[in-house]
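As structure tokens, the structure follows; a few thoughts come after it.
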Amino acid sequence: MTELPSLTSVGSLGLQVNSGPQSSPEEVPTACSRPRHSLGILHASYSVSHQVGPWWDFTSCRQQWDRQILKDVSLYIESGQILCILGSSGSGKTTLLDAMSGRLRRTGTFLGEVFVNGQLLHRDQFQDCFSYVQQSDTLLSNLTVRETLRYAALLAVRRCSPGFLQKKVDAVMVELSLSHVADRLIGNYNLGGISNGERRRVSIAAQLLQDPKVMLFDEPTTGLDCMTANQIVVLLAELARRNRIVIITIHQPRSELFQLFDKIAILSYGELVFCGTPVEMLDFFNGCNYPCPEHSNPFDFYMDLTSVDTQSKEREMETYKRVQMIESAYKESAIYHKTLENIERAKHLKTLSTVPFKTKDSPGALSKLGVLLRTLGLYPEVARFGYFSAALLVPHLIGEFLSLVLLGMVQNPNVVNSMVALLSVAGIFVGSGLIRNTEEMSLPFKILSYFTFQKYCSEILIVNEFYGQNFICGSSNGSVTTNPMCAFTQGIQFIERTCPGATSRFTTNFLILYAFIPVLVILGIVVFKVRDHLISR
């Protein structure tokens, strides 16, 4: 194969493509250079099987339906490079990322090996080595960007001072250009908040807090406009240049991004059609007599070329044969054999660094529980968490016992479920003060509220969460009357406004709440005794 040039152009678009860092894994890093890392996936295959019929049908239960999702996929990438995985829907892009990171379900069969710096990874090492960012952002809308990253750092890093955590969070926000929105709420579609692109960068920043060297992104540009998607990919390319391995799946990238990727992989029906540098990609498809036309996006052209058209049976067979021909040509090419040689060479080298695990010194279970309580807005004390749990246990038990009491009178379970749901909702409206303060209700509803367990449960929770709390809203010299969010500066004010005198009734409310359980048990016994007596007569 002829030597490839370091710079080429696609048609008349003027797209300049550099081959990226192509240093051999045999190179030994100097004393002042950063160690290079490598990731190799060797002959990865994954299949799932399902039973044709239900388990009680012995004839069809023995028959299984098998589906090959990945078939003999081999990749190699080094730190400082960004790999883009292309493919139509259902081609196996997300499954390949899951196979790399050890996130595949145990119901399927996975064959293949994953090497990091030439060392075979075991199942318990994947989570400590790879950082995975999913398509959807799982962030709490009521937290600011700084609070989100601080809680993520508390859940990831152990035994460090608050000053160190704050510096780490500030450094990550600077790296991902989030400092200007540090104190803004994450928000959602109804609440507003930061933009979708900024929200995606927050998800990436939460993973960077553990200093990962291998980062995987499952379609990070999904749901973003063209400009924002382009900025996200540029950001990921910059992260890769900082001695990281970055692998992303992407759907319909812009032609301007062609020059940013160091390697491009194309999947079709779980098979690797091509994987190499952009220069090698152009040369390979030219050799297959499929040159990219002028004024065309190479991503779109090669995606269409390697996709199977299922509109008709004839078209499906024609496009499938074309994909198989391209896949066979790739398996016979020098590019594929070079990939296998790099993986084998890395396995036998002794000069490579050890596996670059993330920060493994994570907090204990109790520390994580405290962080989660603060994240959810609960009072972070063990005693108050005990009161919170004890107060929420009773409604569940009352619901069960109330169902048994009603089953003694009505033998239709569906009707009983509807009655319990109706009584629970009515109790919330009357007893909890959710709609209107109980002190402002008319006398009949005020009397009725004393027979609802929701009254005592809500008073316990309000006192438990708001007693001793102080609130700050806006500037300290501003008037609280100008901002409705600053109506209460102390928790005791909210308690007295919502349920006056609940602080002095805290223990009494607990006793009354738990008294509902024996009352319902006794009532259930009486109802079933009366029912048995009536049936016997």
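The values are calculated or read from the model by the stated rules, or taken from the named source; none is laboratory data. Just so we're clear, the structure is a prediction, and the values are computed from it rather than from any experiment. All Cβ positions, glycine included, derive from the backbone under ideal geometry; neighbour counts span all protein chains shown.
Structure summary
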quantity: Qualifying position, being of a type in the set (S, T, N, Q), loosely packed, with under 13 Cβ neighbours inside 10 Å and at pLDDT 80 or above, among S504, S449, S536; calculated: S504
quantity: Those residues of region 68-78 which are closer than 25 Å to L239 by Cα and either in contact with a Gly (Cβ under 9 Å, 6 or more places away or on another chain) or modelled with pLDDT under 90 (or both), in sequence order; calculated: S74, L75, Y76, I77
quantity: Selection within region 163-194 - acidic (D, E) and not in a helix (DSSP H, G or I); calculated: D183
quantity: Residue in region 158-165 that is surrounded by 13 or more Cβ atoms within 10 Å (Cβ to Cβ) and modelled with pLDDT of 80 or more present; calculated: yes
quantity: Enumeration of residues in region 258-289 that are farther than 20 Å from L96 by Cα and either in contact with a Phe, Trp or Tyr (Cβ under 8 Å, 6 or more places away or on another chain) or crowded, with 23+ Cβ neighbours inside 10 Å (or both); calculated: F258, P278, M281, F284, F285
quantity: Filter result (among the hydrophobic types (A, V, I, L, M, F, W, C), closer than 28 Å to W65 by Cα and in contact with a helix residue (DSSP H, G or I) (Cβ under 9 Å, 6 or more places away or on another chain)) within region 86-122; calculated: L86, M100, L104, F110, V114
quantity: Matching option when the condition is in contact with a helix residue (DSSP H, G or I) (Cβ under 9 Å, 6 or more places away or on another chain) and at pLDDT below 85, among T249, T277, T310, T306; calculated: T310
quantity: Residue within region 176-193 that is surrounded by fewer than 13 Cβ atoms within 10 Å (Cβ to Cβ) and either within 14 Å of L209 (Cα to Cα) or touching a His at 6+ places or on another chain (Cβ under 7 Å) (or both) present; calculated: no
quantity: Flag if G197 is farther than 18 Å from S88 by Cα and assigned to a helix (DSSP H, G or I); calculated: yes
quantity: Some residue of region 470-483 being under 35 Å from the mean Cα position of the chain (by Cα), polar (S, T, N, Q) and at pLDDT 80 or above; calculated: no
quantity: Yes/no for L406 being within 36 Å of the chain's Cα centre (by Cα) and modelled with pLDDT of 85 or more; calculated: no
quantity: Residues of region 226-270 satisfying the condition of being in a loop (DSSP other than H, G, I, E, B) and not polar (S, T, N, Q); calculated: R242, R244, I250, H251, P253, R254, L260, F261, D262, Y269, G270
quantity: Residues of region 217-227 that turn out to be surrounded by fewer than 17 Cβ atoms within 10 Å (Cβ to Cβ) and either aliphatic (A, V, I, L, M) or more than 16 Å from S255 (Cβ to Cβ) (or both), as a count; calculated: 4
quantity: Unique match (being without any contact (Cβ under 8 Å) to a residue 60 or more places away in the chain, among the small types (G, A, S) and closer than 30 Å to S307 by Cα) among A153, A99; calculated: A99
quantity: Which listed residue is on the phi < 0 side of the Ramachandran plot, touching an Asp or Glu at 6+ places or on another chain (Cβ under 6 Å) and modelled with pLDDT of 85 or more, from V172, V181; calculated: V181
quantity: Unique residue being under 18 Å from the mean Cα position of the chain (by Cα) and not basic (K, R) when the list is S179, S161, S131; calculated: S131
quantity: Matching residues, region 104-128, being under 18 Å from D72 (Cα atoms) and under 17 Å from the mean Cα position of the chain (by Cα); calculated: L104
quantity: Among the candidates W65, W55, residue that is touching a helix residue (DSSP H, G or I) at 6+ places or on another chain (Cβ under 8 Å), over 18 Å from I343 (Cβ atoms) and at pLDDT below 80; calculated: W55
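Results for (1) surrounded by 12 or more Cβ atoms within 10 Å (Cβ to Cβ); (2) touching a residue at least 12 places away in the same chain (Cβ under 8 Å); (3) not assigned by TED's automatic domain parsing to the domain that holds F528, shown as yes or no for each residue.
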position	(1), (2), (3)
P395	yes, yes, no
V405	yes, yes, no
V416	yes, yes, no
F429	yes, no, no
S442	no, no, no
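Okay, residues lined up against (1) more than 23 Å from P212 (Cβ to Cβ); (2) outside the structural domain of N117 (by TED's automatic domain parsing); (3) at pLDDT 85 or above:
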| position | (1), (2), (3) |
| --- | --- |
| R322 | yes, no, yes |
| A334 | yes, no, yes |
| I343 | no, no, yes |
| K358 | no, yes, no |
